[in-house]
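The structure appears below as structure tokens.
Derivation of every value follows stated rules applied to the coordinates shown; laboratory data play no part. These figures come from a predicted structure and were not determined experimentally. Cβ placement follows ideal geometry from the backbone for every residue including glycine, while neighbour counts extend to all protein chains displayed.
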Amino acid sequence: MQFDRLIFEMRRLALEAGEVILDIYRRPDFEVRAKDDASPVTQADEAADALISSGLRAAFPDIPLVTEEQQATHGQRLSSFLIVDPLDGTKEFVQRRGDFTVNIAYVQDGVPLHGVVYAPARGRLFYTLAVGGAVEETGPFRPTPGTVHPIGVNPTPDNRALMVVASKSHRDQATDDYIARYAVRDMTSAGSSLKFCLVATGEADLYPRLGRTMEWDTAAGDAVLRGAGGEMVRFDDHSPLTYGKPGFENPFFIAHAPGVLLQPGV
């Protein structure tokens, strides 16, 4: 695998998908439908998925692809693959809150090795590098990568003064009860995979998720977080989260800076 080419193509496709999404987002109205699991889907999800999936299949025809919007890809049993959520945070998109992202990742042997997270309405672009590490690129975004800044987790978070990020759309009492086990300096909320990126940049120290997610929701943000020195673990036993699980469904998890002393998850 030529990781330079992989990251170039993932970045390019994320930016192009972001433009398609923003075009629909700026319209006065757009159709919202419910999928079989009652989650919302829009024309933007489908258009971005078509663009990204066709681009990845053309560039990397030998790598299996899993994408949220193509049910036929969900029955595969894989350990190395590309995985896509073309529009993470559809609820944020529908409510015009801006916290939605384009997510493309490459999983190798169950580990999210590389990923791109693009938040088009926020103008924030994060990705891993072929040589390791993670960066945030500053706009305006062009076909050729521009100025990038290395990102890294807060190296010595104080468990007496943690910054916690939680979901805007999926906050619940169980999450609040778990967060209450820590001494929290402040809290913020964010939608979509931006929560991983806030931990990756040191803007937050801890992101617990006690709710259903799928691997396409987390893989790209997880890759960026790990590239920035962070950790992604299961909620129950704090073992590293792996990918390629049956049905691509995640358990509850905790994303965190490594200096955080995790409280028991049971």
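Among the GluC sites (Glu not before Pro) within the stretch 1-103, those in coil by DSSP and having at most 14 neighbouring Cβ atoms inside 10 Å are Glu31.
Which residue fluctuates the most in the chain, going by a Gaussian network model with Cα springs under 10 Å, if the choices are Ser80, Ser193, Ser54? Maximum fluctuation in the GNM of the chain, among the listed residues, is at Ser54. Taking every alpha-carbon pair in the stretch 162-256 and binning the separations at 10 Å intervals from zero gives 17, 56, 26, 2 percent. For the stretch 206-266, the set of trypsin sites (Lys or Arg not before Pro) satisfying both a DSSP loop assignment and a count of at most 14 other C-beta atoms within 10 Å is given as Arg212. Helix 3-25 axis versus longest C-alpha principal axis of the chain: approximately 80°, rounded to the nearest ten. For the chain, the number of Lys pairs with C-alpha atoms closer than 16 Å, counting only pairs eight or more positions apart or on separate chains, is 4. Just report the Cα centroid separation between the stretch 30-101 and the stretch 130-168, whole Å. The stretch 30-101 and the stretch 130-168 have Cα centres spaced 23 Å from each other.
Less than 5 angstrom separates the built amide H of Asn154 from those of Gly202, all sequence-distant by 5 or more or on a different chain. Place a label point 7 angstrom from the Cα of Met187 along the Cα-to-Cβ direction, then list the residues of the stretch 135-162 whose backbone nitrogen is under 19 Å away. The answer is 158-162.
Under the 0.36 nm per residue contour assumption, what length would be gained going from the current alpha-carbon distance of Asp172 and Leu261 to full extension? Full extension from Asp172 to Leu261 adds 29.8 nm.
The mean of 1/r over all pairs of different alpha-carbon atoms in the stretch 3-150, once inverted, gives a Kirkwood hydrodynamic radius of 15.7 Å.
Apply the Debye scattering formula to the stretch 99-167, with a single equal point scatterer on each alpha-carbon and no solvent, then give log10 I(q)/I(0) at q = 0.14, 0.19, 0.20, 0.26 Å⁻¹. With one equal scatterer per Cα and no solvent, log10 I(q)/I(0) is -0.57, -0.95, -1.01, -1.22. Counting every pair of alpha carbons in the chain, the share spaced more than 27 Å apart comes to 32 percent.
The C-alpha atoms of the chain define a longest principal axis, and helix 43-59 lies at about 80 degrees to it. Based on alpha-carbon atoms, the Kirkwood radius and the radius of gyration of the stretch 37-94 give Rg/Rh equal to 0.99.
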